[in-house]
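Colleague: Below: one structure in structure tokens.
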Amino acid sequence: MRQFFFCVLILTSLLSCKKQTSASATHTPPLQNKNEALKLKYANGFAVNKYDDYTLLSVSQPWPDAQKDFIYAIAENKINIPDSVVYDVFVPRTINRLIVTSTTHIPALESLKQLDKLIAFPNLNYISSPAVRTKIEKGEVLEVGNKNQLNTELVLASQPDAVVASAINANNKSYSTLERNGIPVIYNGDWVEETPLGKAEWIKFFGVLLNQEQQADSIFNHIETNYLNAKKMAKKATLKPLVLSGSLYKDVWYAPAGDSWQAQLIQDANANYVYEKTKGKGSLSLALEQVLANAQNADIWISPGSFTSYNALIESNQHYSQLSAYQNKEVYSIALTTGETGGVLFYELGPNRPDLILKDLIKIFHPNLANYDFTFFKPLNP
């Protein structure tokens, strides 16, 4: 990964400081069997190597600071995989019955026209997709607990070919139970990606799993083109508004850090973000006093938590009235766009369609450039 006895000793010391990988990283199959590696332009959390009779799907970032890669061997049968290949989980080439565990997985199945394979999901009320809501009403999608603690009895009884898992660490007992019972559990780390297009490129992960690689590539190319065209359009604006993002939860204001994917979207929409010079790819934890001092004159405020009206906003905290964006009624929320059971569409579709998020932000920041309707954001109600 990264004179004889001393070289070995030094190399061993260096490797011990790096992230551990599974044994498959050092047991590659014969090169003559290798066909190609899937080309990824933005995503960093997974990789795909295709061979004559099998495919290796490697997920390196299923959650932040993961300590190993997870290697999934996809083939018609285990006998197609050479003995020299060491992997974590065997996944059948043909998946007919699939369980996914995050709403961000739903748009990939829908755009790839694979919703017929979806048999169960945790917390059905979170799903906004009308097509999936119809399947739920028909009893075609089973409720199986929540993603942090699946009802393993129901999952096993539903006999899935595979479960696509979203997890915050490796300590999910329900996933371990499924694996012990022979159910392939495949970790998906789309939420860990640090760029808008990196998140969207995880549709290729589902393309590999569901034998829809060409379609997944075509869909992503469409999203990428739309995103880059929107970014180019935003550059035509001559004025760049100052933007505040985030909201107060209890006594802490959480805002995107300057290197985060949310901050990149604001930048690509040709606006100035109040905290664009801060470091980090996650969230900032700020005192309300800091925000009032830094952002009192911000022109626009986006993503004010779950608030849907100015009345609710000011009733929760009178200090919001000090913000120019509040005074000028320039506050925009994602909480107003929901599915029929209350799921916020942004959390389901947004990571898959950063091009649509970017177009929303351009419409907010530069309304003269945008002759289209909002997808996720809307102005707060009175």
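Colleague: To the nearest 20 debye, what charge dipole does the chain have about its Cα centre, counting +1 at the Cβ of each Lys and Arg and -1 at the Cβ of each Asp and Glu?
Modeller: Roughly 600 debye for the chain.
Colleague: Separate question: Would you please name the GluC sites (Glu not before Pro) within region 109-194 that are DSSP coil residues with at most 14 other C-beta atoms within 10 Å of their C-beta?
Modeller: Passing sites in region 109-194 are GLU140.
Colleague: Taking all protein chains in place and a 1.4 Å probe, what share, in percent, of the accessible surface of the chain do carbon and sulfur account for? Can you show the working numbers first?
Modeller: Working: 9270 of 18890 Å².
It is 49 percent, rounded to a whole number.
Colleague: I would also like to ask the following. Given a Förster distance of 56 angstrom, what is the FRET efficiency for VAL252 paired with ASN181, based on the Cβ-Cβ distance and rounded to 0.05?
Modeller: 0.85
Colleague: Under 12 Å between alpha carbons, and skipping anything fewer than 8 positions from LYS39 in its own chain: which aspartates and glutamates qualify?
Modeller: Of all the aspartates and glutamates, those that pass the test against LYS39 - Cα under 12 Å, at least 8 places apart if same chain - are GLU201, GLU213, ASP217.
Colleague: Please give, to one decimal in nm, the separation of the simple spin-label points placed at ASN311 and ASP52, each 7 Å out from Cα toward the Cβ.
Modeller: Placing both labels 7 Å along Cα→Cβ, they lie 7.2 nm apart.
Colleague: I've got another one for you. How far is it, in nm, from the label point at GLU140 to the one at ASN169 when both lie 7 Å from their Cα along the line to the Cβ?
Modeller: Label at GLU140, label at ASN169, 3.9 nm between them.
Colleague: Where does the Debye-calculated log10 I(q)/I(0) of region 314-358 sit at q = 0.23, 0.32 Å⁻¹, using only Cα point scatterers of equal weight, no solvent?
Modeller: Cα-only, vacuum Debye calculation for region 314-358: -0.83, -1.06.
Colleague: Let me ask another. Can you find, among PRO379, ALA263, GLN327, the residue sitting farthest towards the positive end of the charge dipole of region 249-382, where Lys and Arg contribute +1 and Asp and Glu -1 at Cβ?
Modeller: Looking along the dipole axis, the top candidate is ALA263.
Colleague: Any chance you could run the full-extension gain for THR225 through GLU340? It's 0.36 nm times the residue separation minus the Cα-Cα distance, nm to one decimal. Don't skip to the answer; put the middle values down first.
Modeller: On the way: separation 115, 0.36 × 115 = 41.40 nm, distance 3.08 nm.
The THR225-GLU340 span can extend by a further 38.3 nm.
Colleague: Mind checking which aspartates and glutamates have their Cα closer than 18 Å to the Cα of LYS173? Skip sequence neighbours fewer than 8 apart in that chain.
Modeller: The qualifying aspartates and glutamates are ASP88, GLU153.
Colleague: Counting heavy atoms of the protein chains only and a 1.4 Å probe, report the per residue accessible area for region 102-204 as a whole number of Å².
Modeller: 40
Colleague: Greater than 23 Å separation of Cα atoms is the criterion. Which listed pairs, LYS113/LYS204; LYS147/LYS250; LYS138/LYS359; LYS329/LYS359, meet it?
Modeller: Violating the 23 Å Cα-Cα cut-off are LYS147/LYS250; LYS138/LYS359.
Colleague: Here's another thing I want to ask about it. In debye to the nearest 20, how big a dipole does region 82-236 give about its Cα centre with +1 on each Lys and Arg Cβ and -1 on each Asp and Glu Cβ?
Modeller: With Lys and Arg at +1 and Asp and Glu at -1, about 520 debye.
Colleague: Using a probe radius of 1.4 Å on heavy atoms only, what accessible surface per residue do you get for region 273-313? Whole Å² is fine.
Modeller: Details: 2090 Å² over 41 residues.
For region 273-313, the solvent-accessible area averages 51 Å² per residue.
Colleague: Here is a further query. So if each residue of separation counts as 0.36 nm, and I subtract the Cα-Cα distance between ASN381 and GLN318, what length gain in nm does that give?
Modeller: Values: separation 63, 0.36 × 63 = 22.68 nm, distance 1.73 nm.
Stretched fully, the ASN381-GLN318 segment lengthens by 21.0 nm.
The values are calculated or read from the model by the stated rules, or taken from the named source; none is laboratory data. Note that this is a predicted model, so its numbers are computed, not measured. We place every Cβ from the backbone using ideal geometry, glycine too, and count neighbours over all the protein chains shown. Accessible surface areas use protein heavy atoms only, side chains included; no ligands, DNA or RNA. Shrake-Rupley method; radii C 1.70, N 1.55, O 1.52, S 1.80 Å.
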